[in-house]
Amino acid sequence: MMQPRLIRLRDAPTYLGMDKNRFNNEVRPLLTAIPIGKQGIAFDVLELNAWVDHYKSRNGRPVSKNRRQLWEKNTYQGLESSATFGISIKESTAADFVKALEQVTLKKRNGT
């Protein structure tokens, strides 16, 4: 299927994945508006793509493989290696809840 070369003003923000206001404030002033008919305005897809490439080169960050590996290796307090998915069969009592609430409250007061 052939992709259109021009994208109308109403579709350009969606093409770039942003809202209309951000498009009008940040992108549209940098583009060449192409009149279509009496009232229509369109933008060249190549120019929109060039804007994305430039924006990405200044603001984009590659996904770090190390960060993903760190996330997968982290251990979390309260989680045991033998934990499995499913329904908890241990019932918590009101006293258990009060005890947990006191621990959290004390941590906040002590600044930890």
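Below, the figures for the structure above:
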| read-out | value |
| --- | --- |
| Which numbered condition Phe23 fails, given (1) of a type outside the set (S, T, N, Q); (2) open to solvent by 100 Å² or more (accessible area, probe 1.4 Å); (3) without any contact (Cβ under 8 Å) to a residue 12 or more places away in the chain | (2) |
| Any hit, region 31-43, residues being surrounded by 10 or more Cβ atoms within 10 Å (Cβ to Cβ) and hydroxyl-bearing (Ser, Thr, Tyr) | no |
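The values are calculated or read from the model by the stated rules, or taken from the named source; none is laboratory data. As the structure is a prediction and not an experimental result, all values here were calculated from the model. All Cβ positions, even for glycine, are placed from backbone atoms using ideal geometry, and neighbour counts span all protein chains on display. Areas reflect the complete protein model, heavy atoms only, side chains present, ligands, DNA and RNA absent. Shrake-Rupley method; radii C 1.70, N 1.55, O 1.52, S 1.80 Å.
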